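The values are calculated or read from the model by the stated rules, or taken from the named source; none is laboratory data. It should be emphasised that the depicted structure is a prediction, and the values quoted were computed from it without experimental measurement. Here the Cβ is made from the backbone with ideal geometry for all residues, glycine too, and neighbour counts use every protein chain on show.
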Amino acid sequence: MYCPILRSKQFELIALRELMEGGKLDLGYFCPIIEPVRSNITPLIKTIKVLNEHGIEPLVIINPSVGDFLGKHKVLIDQLELEDEIRFVPSIIVKDAKSIDLSDYSISVGDEFAIVAFGGVDRELIKLSQEAVYTVVENSKTNPLALSRLKGVILYEDAFKKKIRNLDYEEESPFSYLHATYNQTANVVGFGDYTTLPKEYMEGGGPAYVVTIHISYINRDEFDEMYVRHYSSYSDGTPTNPQGKFLDALDKLISDYRSEGNVFDQTSGMDEFERIYDSNHYPGLGQVKKISMKHHIETICDYLAMEGLAGE
């Protein structure tokens with residue numbers, strides 16, 4: 001099961017809704033983890049309802065670590081409790097398992113919930129894990145022996161290799177092989193990443209001196225490891241003409257995609273890039289991130305379906 005970790009920014013929520021409505025995603029392999037970061041939760045509620053209509057109950061973090069609800073988890077919980085027509089798994093970020101009082105999060109004995117460990121695993125977290133339906137832990141920070149004692153494990157990675165400047169991206173970079181290996185431990189039921197975005201939270205991007213499009217693919221010649229190709233525009237040393245720079249980067253992507261050496265899956269995300277290319281249209285950089293994210297999610301779910309790696 002693939003559980004990408006998304007923030008509730010507009011383009012991320014739109015990506016989820018479009019994936020549900022596009023009809024190309026194999027839903028049996030997909031369950032997102034959503035961390036609300038905007039005080040206006042109406043788009044989040046709308047997205048959860050769309051997910052529910054397609055049989056998906058997302059994990060929703062109820063004590064966000066970033067954004068408008070930082071330190072205000074009771075405000076978020078109160079708003080979510082007003083919505084009795086949505087179904088989700090309340091998920092708690094745990095930094096110190098000893099200090100967690102589940103009642104502080106409106107969770108009673110027997111309620112389903114998940115815990116998200118943004119750090120290592122200790123004995124107190126292992127104990128708390130036995131009460132949860134899912135335990136989300138960082139792959140690189142979790143001792144394999146500790147994994148065997150956790151319940152319903154979802155491994156995640158901060159896999160995107162972010163550069164300070166778009167100009168610094170090479171042609172491609174390795175991403176992760178977790179999609180191919182996560183189910184080799186018996187109690188691991190899923191895995192996640194931050195798609196083609198870094199874990200580091202940013203409210204907005206700076207001026208685009210270079211526009212780069214990040215596109216994922218599974219490299220069958222490298223034991224099914226996922227890579228990301230980076231299509232960067234020309235650089236003129238200024239933040240001017242983002243439209244022209246985007247179209248320059250897009251031209252390089254589509255040239256590869258339509259070539260005999262194409263490595264990318266045909267997804268609704270790639271279909272959207274082709275439509276934009278054919279219309280010579282600039283949709284804005286937020287939309288570009290949305291489309292890349294859709295392609296990334298579809299590529300992983302296609303792989304899981306092909307290999308039969310659903311987990312639980």
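Computed values, structure above
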| read-out | value |
| --- | --- |
| Contacts under 6 angstrom Cβ, first residue in the range 106-135 being more than 22 Å from residue 87 (Cβ to Cβ), partner β-branched (Val, Ile, Thr) and part of a loop (DSSP other than H, G, I, E, B), 6 or more apart | 121/142 |
| Qualifying positions in the range 256-298 - more than 12 Å from residue 26 (Cβ to Cβ), among the aliphatic types (A, V, I, L, M) and part of a helix (DSSP H, G or I) | 270, 276, 285, 288, 291, 293 |
| Some residue of the range 57-66 being outside any helix (DSSP H, G or I) and either among the acidic types (Asp, Glu) or free of Cβ contacts under 8 Å to residues at least 12 places away in the same chain (or both) | yes |
| Check on residue 161, farther than 15 Å from residue 29 by Cα, in contact with a Pro (Cβ under 9 Å, 6 or more places away or on another chain) and assigned to a loop (DSSP other than H, G, I, E, B) | yes |
| Counted residues, the range 31-49 - those being within 26 Å of residue 153 (Cα to Cα) and modelled with pLDDT under 95 | 1 |
| Given (1) touching a Leu at 6+ places or on another chain (Cβ under 6 Å); (2) of a type outside the set (A, V, I, L, M, F, W, C); (3) within 17 Å of residue 146 (Cα to Cα), number of the condition residue 91 does not satisfy | (3) |
| The lone exception for residue 281 - which of (1) over 29 Å from residue 192 (Cβ atoms); (2) touching a Ser or Thr at 6+ places or on another chain (Cβ under 7 Å) it fails | (2) |
| Residue match in the range 103-110 (condition: at negative phi, surrounded by fewer than 17 Cβ atoms within 10 Å (Cβ to Cβ) and modelled with pLDDT of 95 or more) | no |
| Qualifying residue in the range 73-84 (condition: assigned to a loop (DSSP other than H, G, I, E, B), surrounded by 15 or more Cβ atoms within 10 Å (Cβ to Cβ) and out of contact with any helix residue (DSSP H, G or I) (no Cβ under 6 Å at 6 or more places or on another chain)) | no |
| Residue in the range 172-182 that is out of contact with any strand residue (DSSP E or B) (no Cβ under 6 Å at 6 or more places or on another chain), surrounded by fewer than 20 Cβ atoms within 10 Å (Cβ to Cβ), over 23 Å from residue 112 (Cα atoms) and of a type in the set (Val, Ile, Thr) present | yes |
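Let's see how each residue does on (1) assigned to a helix (DSSP H, G or I); (2) of a type in the set (Lys, Arg); (3) farther than 21 Å from residue 171 by Cβ:
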position	(1), (2), (3)
199	no, yes, yes
218	no, no, no
236	no, no, no
300	yes, no, yes
